1. For the range 58-71, how many residues are under 22 Å from the mean Cα position of the chain (by Cα) and surrounded by 15 or more Cβ atoms within 10 Å (Cβ to Cβ)?
2. Kindly list, by first and then second residue, each pair from a residue in the range 54-71 that is farther than 16 Å from G43 by Cα to a residue that is surrounded by fewer than 15 Cβ atoms within 10 Å (Cβ to Cβ), limited to pairs with Cβ atoms under 7 Å and residues at least 6 apart or on different chains.
3. hydroxyl-bearing (S, T, Y), surrounded by 12 or more Cβ atoms within 10 Å (Cβ to Cβ) and at pLDDT 95 or above: is that true of T85 in this structure?
4. For the range 10-56, what are the residues that are hydrophobic (A, V, I, L, M, F, W, C), modelled with pLDDT of 55 or more and farther than 18 Å from V71 by Cβ?
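The values are calculated or read from the model by the stated rules, or taken from the named source; none is laboratory data. Remember, it's a predicted structure, so these values are computed and weren't measured experimentally. Ideal geometry is used to build each Cβ from the backbone, glycine not excepted, and the neighbour counts take in all protein chains shown.
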Amino acid sequence: MMATAEGHLQERRHIPDRRGNVKSASRMGALDWIAMVLLIVGGLNWGLVGLFNFDLVATLFGEMTTLSRIVYSLVGLSALYSIYTSSKMSRAR
């Protein structure tokens, strides 16, 4: 029984530790978080427009003011960034 336990411990040492890879792959940077928040804001806004004909961004910042156009532009840039990062992640596999 002792020989089996020692053999198991030795074999375990040769298994590559994948926890480090999973941790680094799941870690999101600040830009990733900003993009995700902006995509959620954009998605909720479009949901409100579709369901209730209510544009939250226009209500908060004015209809097609400079500030609302900046918000819409940042949501669009976040979508492009997410397309880029998701294609990069799919190539890494």
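1. Restricting attention to the range 58-71, the residues satisfying the condition of being under 22 Å from the mean Cα position of the chain (by Cα) are 70-71.
Next cut, surrounded by 15 or more Cβ atoms within 10 Å (Cβ to Cβ) only: 71.
Looking only at that region, the number is 1.
2. Every condition considered, the pairs that remain are F61/L67.
3. On the way: hydroxyl-bearing (S, T, Y): yes; surrounded by 12 or more Cβ atoms within 10 Å (Cβ to Cβ): yes; at pLDDT 95 or above: no.
In short, no.
4. So the first thing to find is which residues in the range 10-56 are hydrophobic (A, V, I, L, M, F, W, C), and the list is 15, 22, 25, 28, 30-31, 33-41, 44, 46, 48-49, 51-52, 54, 56.
Cutting the leftovers down to modelled with pLDDT of 55 or more gives us 15, 28, 30-31, 33-41, 44, 46, 48-49, 51-52, 54, 56.
Those that are hydrophobic (A, V, I, L, M, F, W, C), modelled with pLDDT of 55 or more and farther than 18 Å from V71 by Cβ: I15, M28, A30, L51, F52.
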